[in-house]
1. Quick one: how many residues across segment 46-58 are part of a strand (DSSP E or B) and farther than 13 Å from residue 177 by Cα?
2. Working only within segment 140-166, note down all residues that are assigned to a strand (DSSP E or B) and over 15 Å from residue 92 (Cβ atoms).
3. Which one of these does residue 71 not meet: (1) in a strand (DSSP E or B); (2) touching a residue at least 40 places away in the same chain (Cβ under 8 Å)?
4. Yes or no: segment 97-114 includes at least one residue that is surrounded by fewer than 19 Cβ atoms within 10 Å (Cβ to Cβ), more than 17 Å from the chain's Cα centre (by Cα) and more than 28 Å from residue 189 (Cβ to Cβ).
5. Can we say residue 84 is in the same structural domain as residue 161 (by TED's automatic domain parsing) and modelled with pLDDT under 95?
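The values are calculated or read from the model by the stated rules, or taken from the named source; none is laboratory data. Because the structure is predicted, anything quoted here is derived from the model rather than measured. Glycine also receives a Cβ, built like all others from the backbone with ideal geometry; neighbour counts cover every protein chain displayed.
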């Protein structure tokens with residue numbers, strides 16, 4: 001004798017099975033994904049040593065950027081290919097400093113600072129902070145789906161420019177990777193003198 005199962009029972013069992021599977025998936029995802037994400041970020045931000053005597057630099061490059069290394073006249077490109085979009089890239093150029101100046105000119109710094117307003121560049125930011133004891137400036141600007149971060153560094157021996165692009169995937173993670181990488185650049189040459197302290201204006205009493 002065959003037992004007939006009503007369509008309502010079959011439907012109810014299907015909903016129960018699918019609902020249970022979905023709840024199990026959500027639980028595993030909630031437990032597993034944050035750990036996976038943290039491990040991914042930690043691995044990508046791990047700094048690896050790199051030096052290039054030809055360019056007069058030594059530094060640490062975030063592992064998420066440190067893939068292939070391609071030398072070209074006056075510079076080097078370090079990059080990692082993306083799967084579904086462009087990956088992060090680091091391009092460094094270096095040239096001798098004929099004038100042996102240890103500071104960028106105020107006119108050049110002012111030009112970099114105001115370029116975002118003049119050229120209407122999205123997400124433009126300027127930071128004239130030293131890098132590893134050298135006079136430097138960092139610039140952030142949006143380029144399509146990526147963020148481009150540029151570091152200009154000067155020593156009495158070399159003038160260095162480093163462009164780090166986040167690529168089109170995981171911009172926030174690789175923006176941090178670029179920033180941490182650029183701030184490790186050490187430029188060869190004699191020590192840069194400390195910038196002069198601003199003078200004190202002394203007011204004389206009016207007679």
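1. Taking segment 46-58 first, the residues part of a strand (DSSP E or B) are 47-52, 57-58.
Checking the rest, the ones that are also farther than 13 Å from residue 177 by Cα come to 49-52, 57-58.
Residues meeting the conditions: 6.
2. Initial filter on segment 140-166 (assigned to a strand (DSSP E or B)): 140-143, 146-154, 158-165.
Correct list: 140, 141, 142, 143, 146, 147.
3. (2)
4. Yes, there is a match, as at least one residue in segment 97-114 is surrounded by fewer than 19 Cβ atoms within 10 Å (Cβ to Cβ), more than 17 Å from the chain's Cα centre (by Cα) and more than 28 Å from residue 189 (Cβ to Cβ).
5. Numbers: in the same structural domain as residue 161 (by TED's automatic domain parsing): yes; modelled with pLDDT under 95: yes.
For residue 84, the condition - in the same structural domain as residue 161 (by TED's automatic domain parsing) and modelled with pLDDT under 95 - is met.
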